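Here the structure is laid out as structure tokens; the discussion comes afterwards.
The values are calculated or read from the model by the stated rules, or taken from the named source; none is laboratory data. Since this is a predicted model, take the numbers as computed values, not measurements. Methodologically, a virtual Cβ is constructed for each residue, glycine included, from the backbone with ideal geometry; neighbour enumeration extends over all protein chains shown. Ligands, DNA and RNA are excluded from the accessible area calculation, which covers all protein heavy atoms including side chains. Shrake-Rupley method; radii C 1.70, N 1.55, O 1.52, S 1.80 Å.
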Amino acid sequence: SHSRDVDIVLYEEDFDFDEASDAAIKTNNQVKIMVNTLVNWLAEEHEESHVPASRRLHLHFLHTPVEIMGVDGQVTGIKFERNELDGTGNARGTGEFIDYPVQAVYRAVGYLGSELPDVDFDDRRGVIPNDSGRVLDSKGAQVPGLYATGWIKRGPVGLIGSTKGDALETIGCLLEDRLNLPLAEHAGEEEIVELLRSRGVAYTTWAGWNKLDAHERELGKGYVPGPGLEVVRERIKVVDRDQMVNISNL
């Protein structure tokens, strides 16, 4: 919103909250901050409309993409179904469709999770069934010692902050269960390292990361910018993955 010559365009009908939305705003600080930011943009938009920018960013909420339309292999538009809040914190389709003329479409809706052997999987949502991170079996019973977090836990939704809170919830369950978790067959700090080595898995340690960090910083010292350019960061990453692994394990 602070970029020069850019207007953010929002729509009042996208901010008609239900009780579940109000509850989320009151109980989740990240949701509250995001909603306040968007609502402020909505108010500022009308105040600044007398000086229109040359570029406009339209943010549409409560829209489900239905069809990408095109002619001769070129995109001409995209069809959306209008959604409405259902009172539970989720949205449902209304049967109303809207067409927008567009020249390009960029897909950025996250990934669909994939199943693991011997673990139940929700094919429709692409998640592992769980209760607050505790993995469940087909009968809804907790699977001892198995936990999920991130998008495989809740699907490809939310922000980085949402993922942090999501991880805290799972870790909280893990700590609650720790006294009743199944014991490792071979306990000891070095056992996990031996397991990784036996499987040929490349790994690094904190000490190895520091070696890599020092190596990259040293590379950055020798960088000479071209005419009119200025180095604005301390470290320049030019090391590929294989080199990273080798350097960190020296």
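For the reader, a short list of remarks on this structure follows.
- For segment 8-137, DSSP calls about 90 percent of its internal beta bridges antiparallel.
- Rel. contact order, % - alpha carbon contacts under 8 angstrom, at least six apart, the chain: 10
- Ligands, DNA and RNA aside, residue 194 has an accessible area near 90 Å² when probed at 1.4 Å.
- Charge dipole (debye, nearest 20) of segment 53-161; +1 at Cβ of Lys and Arg, -1 at Cβ of Asp and Glu: 440
- Rounded to the nearest 20 debye, the dipole size of segment 125-206 about its Cα centre is 440 debye, using +1 on the Cβ of Lys and Arg and -1 on the Cβ of Asp and Glu.
- A value for Rg and Dmax of the Cα atoms in Å was derived from the coordinates, and within the list (i) 18.2, 53; (ii) 24.6, 70; (iii) 21.8, 74 it appears as (ii).
- For the pair segment 11-47 / segment 178-216, the C-alpha centres are spaced 43 Å from each other.
- Counting protein heavy atoms only, segment 24-171 has 55 percent of its accessible area on carbon and sulfur, 1.4 angstrom probe.
- Counting only DSSP H runs of at least 4 residues, each contributing -39500 (n - 2.57), and dividing by the residue count of the chain, the helix-based mean residue ellipticity at 222 nm comes to -10500 deg cm²/dmol.
- What the chain shows is 75 Å² of accessible area per residue, with the surface traced by a 1.4 Å probe over protein heavy atoms.
- Sparsely packed chymotrypsin sites (Phe, Trp or Tyr not before Pro) within segment 44-145, loop by DSSP, other Cβ within 10 Å at most 16: 61, 106, 111, 121
- DSSP-defined beta bridges in the chain - what % are antiparallel, rounded to 5: 85
- 186, 215, 2, reordered so the largest accessible area comes first (probe 1.4 Å): 2, 186, 215
- Size of electric dipole in the chain: Cβ of Lys, Arg +1 and of Asp, Glu -1, about Cα centre, debye, nearest 20: 920
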